[in-house]
Every structure is written in structure tokens, then in C-alpha cells.
Amino acid sequence: MAPRERTGVVALDDVSKAIIEQLQQDGRRPYATIGKAVGLSEAAVRQRVQKLTESGVMQIVAVTDPMQVGFSRAAMLGIRVDGDAEAVAARIEGMPEVDYLVVCAGQYDILAEVVAEDDDHLLEIVNRKIRAIEGIRSTETFVYLKLRKQIYTWGTR
């Protein structure tokens, strides 16, 4: 069997990596400031940022603490699946309450982070939406009590 080829991988040069790292530190940093730091013009930085976002390499968003903006309950769900985990993940992916979703190896086939307005809303998500999906064998809910650390400044390689 031939080795699997990596598809969709975008090669990044050192300048693009430096731009990403600048934006990880401050997503509102002006392109002119970034240009000075990486040795490009403002227009060149703008063009690179556009290409990086259009290709899906990065996105620039406002990150909030869900508990500070009206979602008083957040949880990670460990999900065990019978059959095709990708098919189950595709069903979960469309749920607006799910903000993080991975297919993984180990004790769980899927991990899904959900945000809810309160405990009743969390129960509705888990019981009526997630557990209702065909192929889900079991779930385990890990309720968040306090957000202690959330970073997006790990840089690039």
C-alpha cells in the first residue's frame, strides 16, 4: 500500500509564519505595524493575510469566555461510537452549541465541547440532540466549573 499523501497542506514561508505569530499576539494589530516587524509593506501584509484566511490556514476572531457572555454552562463531551465516527461527527458538527469537535483515538471516539445557557439547556443538548444521533453508544459529560487558561499564541513551526 502506498503511503498516504497529505492533501490541503499549505507551505508557509518564514514571513507568513511571522505574520501569523504577530496576529496571534494581537488579532487587531495594524498591517503597517506587522509590516515593520516582518519587513513587508502594509499592502503586502494585507495580501498575505487574505491568502492565509482564504486558504483556511488561519482565521481572525474574537475569543470570549462563554461564561462571561451569557453561557453559564460549558462542558466537554466524551462520545463513544458504534460504527463510523466520521459520520457521527458530521452530524454533531452542524450543531450551533458545539464550538470544538475532534475525532480521536483512545477511550472516546469523539470529543465535543459545548456551550449552554444553563443546566437545562445542557441537558437538552446532551439528551435530545447528541444522544439522539444514530451510532452513539455512550457519552460522558465533563462540566466546566471555571475557565483557567485559554491561549492561542503557540506560534508556528
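Give the stretch 16-31 a look and list any residue that's surrounded by 14 or more Cβ atoms within 10 Å (Cβ to Cβ) and either part of a helix (DSSP H, G or I) or modelled with pLDDT of 95 or more (or both), or say none. Give the derivation first.
Taking the stretch 16-31 as the starting set, the residues that turn out to be surrounded by 14 or more Cβ atoms within 10 Å (Cβ to Cβ) are 16-24, 27, 29, 31.
Hits for the stretch 16-31 are S16, K17, A18, I19, I20, E21, Q22, L23, Q24, R29, Y31.
Give me a count of the residues in the stretch 32-56 that are part of a loop (DSSP other than H, G, I, E, B) and exposed (fewer than 15 other Cβ atoms within 10 Å of the Cβ).
Just the residues of the stretch 32-56 that are part of a loop (DSSP other than H, G, I, E, B), to begin with: 39-41, 55-56.
Restricting the remaining residues to those that are exposed (fewer than 15 other Cβ atoms within 10 Å of the Cβ) gives 39, 41, 55-56.
Qualifying residue count for the region: 4.
For the subset of the stretch 70-82 comprising residues that are farther than 14 Å from Y144 by Cβ and at pLDDT 95 or above, which member is surrounded by the most Cβ atoms within 10 Å (Cβ to Cβ)?
Filtering first and then ranking leaves I79.
Take the conditions under 18 Å from F142 (Cβ atoms), of a type in the set (D, E, K, R) and not in a loop (DSSP other than H, G, I, E, B) and apply them to E113. Does it pass?
For E113, the condition - under 18 Å from F142 (Cβ atoms), of a type in the set (D, E, K, R) and not in a loop (DSSP other than H, G, I, E, B) - is met.
For a quick check of your reading of the model, give me the residue pairs whose first member lies in the stretch 132-157 and is in the same structural domain as I79 (by TED's automatic domain parsing) and without any contact (Cβ under 8 Å) to a residue 60 or more places away in the chain, whose second is surrounded by 10 or more Cβ atoms within 10 Å (Cβ to Cβ) and in a loop (DSSP other than H, G, I, E, B), with beta-carbon atoms closer than 7 Å and at least 6 apart or on different chains.
G135/D82; G135/G83; G135/D84; R137/D82
For the stretch 45-97, give me the residue count where each residue is under 21 Å from H121 (Cα atoms), within 16 Å of the chain's Cα centre (by Cα) and hydroxyl-bearing (S, T, Y).
Looking only at that region, the number is 1.
Where the second residue is assigned to a helix (DSSP H, G or I) and the first is under 14 Å from M58 (Cβ atoms) and lies in the stretch 27-39, which pairs have Cβ atoms under 8 Å and are six or more apart or on separate chains?
R29/Q22; R29/L23; I34/I19; I34/Q22; I34/L23; I34/V45
Sort through I79, I92 and tell me the only one that's assigned by TED's automatic domain parsing to the domain that holds R137 and either in contact (Cβ under 8 Å) with a residue 60 or more places away in the chain or part of a loop (DSSP other than H, G, I, E, B) (or both).
I79
The values are calculated or read from the model by the stated rules, or taken from the named source; none is laboratory data. Everything numeric here is computed off the predicted structure, so don't read it as measured data. A quick note on method: Cβ atoms are made from the backbone with ideal geometry, for glycine too, and the neighbour counts reach across all protein chains shown.
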